[in-house]
Protein chains: 2
Amino acid sequence: MLQPVQFSSSDSRLELDGDANVSMGVLLRRLIDEGCVSDPESPKGRLLAAAARQFRQKGFSRTTVRDLAAEVGILSGSIFHHFKNKDEILFAVMNEVVIAMEERLQVRLSAATSTRDKVRALIENELQFIHGPTGDATAVLIYEWRALSEPLQQKILERRRAYFKLWHDTLIKAEEEALITVEPDCLRQLLHGAIVWSIHWYQPQGPMPLESLVDQVLSLAIKSE
Amino acid sequence: MLQPVQFSSSDSRLELDGDANVSMGVLLRRLIDEGCVSDPESPKGRLLAAAARQFRQKGFSRTTVRDLAAEVGILSGSIFHHFKNKDEILFAVMNEVVIAMEERLQVRLSAATSTRDKVRALIENELQFIHGPTGDATAVLIYEWRALSEPLQQKILERRRAYFKLWHDTLIKAEEEALITVEPDCLRQLLHGAIVWSIHWYQPQGPMPLESLVDQVLSLAIKSE
DNA sequence: TTCACTACCAAGCAAGCGCTTGGTTTGTTA
DNA sequence: TAACAAACCAAGCGCTTGCTTGGTAGTGAA
């Protein structure tokens, strides 16, 4: 709050400058092929990318369909050839990122060996989604929640449960191993808050690398030996 | 995110069921007498309370001046006898709570003896503003930031600086005393995020008392001896 | 009684909104 | 080259929005 929000300057193309982004790219490509998320080259995909950007920047209700149409170079009425209504655009933005977040966390968790590494994966995955190429959609998911109509909220929530469960189960394990002291669900919420708030202040291109931020958050959760 | 938001059921009257609220009440009374915040009995004050409630519930841009007028029992046009425009209503809501937050934190910090208690005061003060009688206005301050026009944002930001400085100075002291390991400004943001996110999940009337939540957050910041 | 002031009403304007409709272009396949 | 669907245009409808205007009721001081 009260700090200017940083916008990702990267477009929706895949960035291949690190392990994290390579696997993110592979995952996104698979989800596109499976039809879970739409191709960023298609008209619908370009519309969704514009929507994510503008919904993040101005908020859902201050973004008009005329704004969105202008960004992709069509007239406002033509939007409704691709989406039933404005709500469905917001839903599509959120739905795609919700699916990707859970899929990727699953991959990351099974790759991690120790419980400590799994907790780190929880934190790292969320921070990468917030500050990576999917940052716009993730920010919209987090901050435009109330703008969604009730039935569509429920559909997202349904999809979201599996993601929450991955956090829950991992932190339960961490508690059993005495890695953490705070009650797991309370800790989950506190960490989640600390992480999403980084939208407002953390600069990926700044002096502090993302991995360092991951470590700082991890040090809040797990007391070092 | 993705959890229903809890709304404070308390009205704008002062609650006298604890030390914290007693001093909060005294402070608010003083600020009213000084003209810093408006009397909740006055038409303007009742309008601001309604605005805080509705802006929190529906967001600024989904709340119409007709909605606000209806809640206090006047017609929409009559609003503009009290405020120049809709933006000024949002500004007034934010401005009053910004002033109160900083004033109260100052009192709390000078009452605390040890640095550890001062850090606890930072956390406790913010949590009390979020989950106490001023919860609506505080939530609006946090989550309707972008809805404010640029010049009014700057005015709030100006007022906010003193508050940030109190956090900064206290955490610098904590670092000097080796109470914390994370860099002070980074820790400030992480804690701030964890605290404000509690809007979405913590229930003051639930099984966990607020003081307990304060302790949990404190345990993230300061490693126990 | 007069005057000024606060608080509000009644009516409506101008602009912007999401969305519809009927028709046209464009690219692909048979 | 004919047929077809996807993508888009042009125009505008019906509604909601923030806000204006000109006037009125109630109240307290001189």
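The values are calculated or read from the model by the stated rules, or taken from the named source; none is laboratory data. Only a predicted model underlies this, so the values are computations on that prediction, with no experimental measurement involved. Note that we place each Cβ from the backbone using ideal geometry, even for glycine, and neighbour counts take in every protein chain shown.
Tally up the residues in region B:109-130 that are within 14 Å of chain A (Cβ to nearest Cβ), in contact (Cβ under 8 Å) with a residue 60 or more places away in the chain and within 30 Å of B:Leu47 (Cβ to Cβ), please.
3
Return yes when A:Thr181 is within 8 Å of chain B (Cβ to nearest Cβ), polar (S, T, N, Q) and over 17 Å from A:Ile89 (Cα atoms) and no when it is not.
Details: within 8 Å of chain B (Cβ to nearest Cβ): yes; polar (S, T, N, Q): yes; over 17 Å from A:Ile89 (Cα atoms): yes.
Judged against the criteria, A:Thr181 is a match.
Quick check on A:Leu141: is it within 17 Å of A:Met101 (Cα to Cα) and within 11 Å of another protein chain (Cβ to nearest Cβ)? Before you say what the answer is, go through the steps one by one.
Working: within 17 Å of A:Met101 (Cα to Cα): yes; within 11 Å of another protein chain (Cβ to nearest Cβ): yes.
Here the answer is yes, as A:Leu141 does meet what is asked.
Test B:Arg146 against the stated conditions and say whether it is out of contact with any strand residue (DSSP E or B) (no Cβ under 8 Å at 6 or more places or on another chain), surrounded by fewer than 19 Cβ atoms within 10 Å (Cβ to Cβ) and more than 24 Å from A:Glu144 (Cα to Cα). So that I can check it myself, show each step before the final result.
Values: out of contact with any strand residue (DSSP E or B) (no Cβ under 8 Å at 6 or more places or on another chain): yes; surrounded by fewer than 19 Cβ atoms within 10 Å (Cβ to Cβ): yes; more than 24 Å from A:Glu144 (Cα to Cα): no.
So B:Arg146 does not fit the description; no.
May I ask you to list the residues in region A:52-101 that are more than 15 Å from DNA strand C (Cβ to nearest atom) and either outside any helix (DSSP H, G or I) or among the small types (Gly, Ala, Ser) (or both)?
Within region A:52-101, A:Ala52, A:Ala100 meet the criteria.
Within region B:165-182, work out how many residues are in contact with a Leu (Cβ under 8 Å, 6 or more places away or on another chain) and without any contact (Cβ under 8 Å) to a residue 40 or more places away in the chain.
1
Just to be sure I understand, how many residues within region B:196-225 are part of a helix (DSSP H, G or I), under 22 Å from B:Met101 (Cα atoms), within 11 Å of chain A (Cβ to nearest Cβ) and not small (Gly, Ala, Ser)?
Count: 9.
Can you tell me which residue in region B:32-47 is surrounded by the most Cβ atoms within 10 Å (Cβ to Cβ), limited to those that are modelled with pLDDT of 70 or more and in a helix (DSSP H, G or I)?
Residue satisfying both the conditions and the ranking: B:Leu47.
Only residues that are farther than 16 Å from A:Ala194 by Cα, crowded, with 18+ Cβ neighbours inside 10 Å and over 9 Å from the mean Cα position of the chain (by Cα): list them for region A:104-136, please.
The answer is A:Arg104, A:Leu105, A:Arg108, A:Leu109, A:Thr115, A:Lys118, A:Pro133.
When only residues in region B:158-190 that are under 15 Å from A:His200 (Cβ atoms) and under 14 Å from the mean Cα position of the chain (by Cα) count, which is surrounded by the fewest Cβ atoms within 10 Å (Cβ to Cβ)?
B:Phe164
Considering only residues of region B:74-101 that are within 14 Å of chain A (Cβ to nearest Cβ) and surrounded by fewer than 19 Cβ atoms within 10 Å (Cβ to Cβ), which is nearest to DNA strand D (Cβ to nearest atom)?
B:Lys86
Among all residue pairs at least 6 apart or on different chains, which show Cβ distances below 6 Å where the first residue, located in region A:148-161, is more than 8 Å from chain B (Cβ to nearest Cβ) and the second is part of a helix (DSSP H, G or I) and acidic (Asp, Glu)?
Partner pairs satisfying both residue conditions: A:Ser149/A:Asp87.
Consider only pairs whose beta carbons are under 6 Å apart and that are at least six residues apart or on different chains; among these, list those whose first residue lies in region B:47-68 and is in contact (Cβ under 8 Å) with a residue 24 or more places away in the chain and whose second residue is among the acidic types (Asp, Glu).
Close Cβ pairs satisfying both conditions: B:Ala52/B:Asp136; B:Arg53/B:Asp136; B:Phe55/B:Glu144; B:Arg56/B:Asp136; B:Phe60/B:Glu144.
How about region A:56-73: which of its residues are within 12 Å of DNA strand D (Cβ to nearest atom) and either at the interface with another protein chain (Cβ under 9 Å from one of its Cβ atoms) or in contact with a Pro (Cβ under 6 Å, 6 or more places away or on another chain) (or both)?
A:Ser61, A:Arg62
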